[in-house]
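**Student:** One structure, as structure tokens, below. Some questions next.
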Amino acid sequence: MSTRAGFVALIGEPNAGKSTLLNRMVGAKVSIVTHKVQTTRARIRGVAIEDDAQLVFIDTPGLFKPRRRLDRAMVAAAWGGAADADVVVLMIEAHRGVTEGVQRILENLAEVTKGRKVALAINKIDRVQSPVLLALTKDMNDRFPFTETFMISAEKGHGVVALRQWLADQLPDGPWLYPEDQIADLPLRMIAAEITREKLTLRLHQELPYQLTVETENWEEKDDGSARIDQLIYVMRDGHKGIVLGHKGETIKQVGAASRAELEEFLGRRVHLFLQIKVRPNWLEEAERYSEMGLNFKDGN
């Protein structure tokens, strides 16, 4: 039996629904999903099997106008993901249409994708009427020669199977790139850190989503089959430490409990999770923090 395998890059503005679509395609929670923009920092890959094809998804950070070093590194990673892929999917939101951000992406798309197949996925179709969808489809296809257009709802699953089957058909012939039982090539330490960061993001909402990062400092396999995981939460100021701790340590306790529960479900075994908060005023300027997130520090220049 001949097999196919290749890389698929999902690109779009922050919050377009890329992580939700990836999780839907892969059937497991790999890329963190939150309602805050710019939550996907590293190029997390999810692996999906469709008949005899293996699709390796590169879930790129959202493309937006970068302001700081971290932003620039994230945008460079997103375009890098598109340049490395066999097929590219541009995701836009049906109810937002052609935003300024989408226009900016379209301006760079031809150069970055250089002759590769690019599909358009219009997400959140349940939020608009058919005439609006049809007009948006025509408008987008007038602006760029998309190979195919899909109308989907990543959250509800509409149209996702058709998109996945089409993607599988576009991939080059060749052996599978990952063992069948492997769903993400991100090291487990990084996935564990992302899970805790997601819990912090959801919990702290507006207060300091981008002023903190999480690293898995130590991972120890215990004789009884459980894992001890020590994580550091880096914040920029002393005041932030208090916010993360919460009244009488309540916030960090709840974050730890939620993160541990998800890690246990993900790993399928008991987890002992220990969180510590450290103040590092300049973590956004430290190369080491970037490599921990799977980003290139120099891309931020």
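**Student:** For the peptides 116-125, 254-263, 17-26, what is the packing order when you average, over each peptide's residues, the other Cβ atoms within 10 Å and list the highest mean first?
**Tutor:** Output ranking for 116-125, 254-263, 17-26: 17-26, 116-125, 254-263.
**Student:** Sticking with this structure for a sec: What residue among 97, 174, 81 shows peak mean-square fluctuation when the chain is described by a Gaussian network model with Cα springs under 10 Å?
**Tutor:** Per the Cα network of the chain with a 10 Å cutoff, 174 tops the list.
**Student:** Determine the per residue accessible area of the chain with all protein chains present and a 1.4 angstrom probe, expressed in square angstrom.
**Tutor:** Numbers: 13850 Å² over 301 residues.
Result: 46 Å² of accessible area for each residue.
**Student:** List the residues whose amide H sits under 5 Å from the amide H of residue 277, counting only those 5 or more places along or on another chain, with H placed 1.01 Å from N in the peptide plane.
**Tutor:** It is 233, by chain and number.
**Student:** If you don't mind, another one. Could you pull out every residue, at least 5 positions away or on a different chain, whose amide H is within less than 5 Å of the one on residue 117? Hs are placed 1.01 Å off N in the peptide plane, and Pro or chain starts have none.
**Tutor:** Residues meeting the amide H criterion: 88.
**Student:** Ordered by packing density, taken as the mean number of other Cβ atoms within 10 Å over each peptide's residues, highest first, how do 88-95, 2-9 rank?
**Tutor:** My ranking of the peptides, most packed first, is 88-95, 2-9.
**Student:** Please report the net charge: other residues with Cβ closer than 12 Å to the Cβ of residue 199, K and R +1, D and E -1.
**Tutor:** So the environment of residue 199 carries a net charge of +1.
**Student:** What are the ³J(HN,Hα) couplings of the stretch 83-95, residue after residue, when phi is run through the Karplus curve with 6.51, -1.76, 1.60 and θ = phi - 60°? Round to Hz, x for glycine and proline.
**Tutor:** Here the 3J(HN,Hα) series is 5, 8, 8, 7, 9, 10, 10, 8, 9, 10, 9, 3, 7 Hz.
**Student:** Compute the Cα gyration tensor for the stretch 54-210, then decide on rounded, prolate or oblate, letting a ≥ b ≥ c be the square roots of its eigenvalues: rounded whenever a/c is under 1.5, prolate when a/b is larger than b/c in the other cases, and oblate in all that remain.
**Tutor:** Here the stretch 54-210 falls in the rounded category.
**Student:** Then there is this: In debye to the nearest 20, how big a dipole does the chain give about its Cα centre with +1 on each Lys and Arg Cβ and -1 on each Asp and Glu Cβ?
**Tutor:** Once rounded to the nearest 20, the dipole reads 1060 debye.
**Student:** Counting only protein heavy atoms and a 1.4 Å probe, tell me what percentage of the chain's accessible area is made up of carbon and sulfur. Intermediate results must be reported in sequence, preceding the final value.
**Tutor:** Details: 6620 of 13850 Å².
Accessible surface attributable to carbon and sulfur in the chain totals 48 percent.
**Student:** Please list, in order along the stretch 99-112, the HN-Hα scalar couplings obtained from phi with the Karplus expression 6.51 cos²θ - 1.76 cosθ + 1.60 (θ = phi - 60°), rounded to whole Hz, x for Gly and Pro.
**Tutor:** 7, 4, x, 5, 4, 4, 5, 4, 5, 9, 4, 4, 5, 6
**Student:** Same structure, new question: Ranked highest first by average number of other Cβ atoms within 10 Å, how do 189-201, 102-114 line up?
**Tutor:** 189-201, 102-114
**Student:** With n ≥ 4 as the cut-off for DSSP H runs, can you work out [θ] at 222 nm for the chain, using -39500 (n - 2.57) per run divided by the number of residues, rounded to the nearest 500? Walk me through the intermediate numbers first.
**Tutor:** On the way: 9 runs with 113 residues, N = 301.
Result for the chain: -12000 deg cm²/dmol, rounded to the nearest 500.
**Student:** Ordered by residue, what ³J(HN,Hα) values in Hz, to whole numbers, does the stretch 157-166 give under the Karplus form 6.51 cos²θ - 1.76 cosθ + 1.60, where θ = phi - 60° and Gly and Pro are x?
**Tutor:** Once θ is set to phi - 60°, the couplings for the stretch 157-166 become x, 4, x, 6, 5, 4, 5, 5, 5, 4 Hz.
The values are calculated or read from the model by the stated rules, or taken from the named source; none is laboratory data. Predicted model, so just to flag it, every value in this text is computed and none were measured. Because the Cβ atoms are built from the backbone with ideal geometry, glycine has one as well, and the counts that use them run over all protein chains shown. Heads up: the accessible areas ignore ligands, DNA and RNA and are worked out on the full protein's heavy atoms, side chains in. Shrake-Rupley method; radii C 1.70, N 1.55, O 1.52, S 1.80 Å.
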